[in-house]
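Taking it in order: structure first as structure tokens, then the write-up.
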Amino acid sequence: PDHEVVASPRCNKISDLTSGTVGAIQAYTTTEVPTLRHMRKEPIVTLMEGHNGAKLGYSQVIFAADECLTGDKKEVVQTFCEKTFEGWAHAIENPEQAVEMVREARKMLNLDDEENDHWHSSDDFELEFVKKCNEAVEKTKKDGSRYGVIDSSRWNDATKWLLEGKDDISKEFGFDGSVY
């Protein structure tokens, strides 16, 4: 309450923090936090889930427009979800190979050309990044059988929290359990 919130572009928010331009940043535990640690700057991390009533569902979902959830398009989204979590299972079992796959994807998409300060290019960082992502995905495993099971009550709680006080939201808005 005693702090001013300002926009800091993702591409340079770590520099803004370490230079003192800002006193705190929103950071992902999978990228910015390990980057700061590799810079030998141990961050003070406040997890937002539950903080001041925050309900987070975002990290568990794949967003799709309504028009992508009709007819044959819905099957495409379902297949994408299925294959995504097969990929996560492979990454969890083979983190070193997953690092190589991430590197290849970055080359294919020209992501190495991005100017940002939240990615530390080193073998240690990239393996830590993959393992941090894997830890988050492992929490979605249901009945010990498959990854990526979305907790509909968590998502619905997050939706209600985010939309609190808004009256113009469709009753159809939110988690569609038939997709996954």
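The values are calculated or read from the model by the stated rules, or taken from the named source; none is laboratory data. Nothing here was measured: the structure is a model prediction, and the numbers come from that model. Cβ atoms come from the backbone with ideal geometry, glycine included; neighbour counts cover every protein chain shown. We work out accessible area using only protein heavy atoms, side chains counted, and drop any ligands, DNA or RNA first. Shrake-Rupley method; radii C 1.70, N 1.55, O 1.52, S 1.80 Å.
Observations
- Scanning region 5-16 for residues that are of a type in the set (A, V, I, L, M, F, W, C) and in contact (Cβ under 8 Å) with a residue 12 or more places away in the chain returns VAL6, CYS11, ILE14.
- One residue from PRO43, PRO1, PRO34, PRO9 being modelled with pLDDT under 90 and open to solvent by 100 Å² or more (accessible area, probe 1.4 Å): PRO1
- Taken over region 72-119, residues that are outside any helix (DSSP H, G or I) and open to solvent by 70 Å² or more (accessible area, probe 1.4 Å) amount to 4.
- If you go through region 76-123 and keep only what is within 30 Å of SER145 (Cβ to Cβ) and polar (S, T, N, Q), you end up with GLN78, THR79, THR84, ASN94, GLN97.
- Residue in region 144-166 that is of a type in the set (Lys, Arg) and at pLDDT 85 or above present: no
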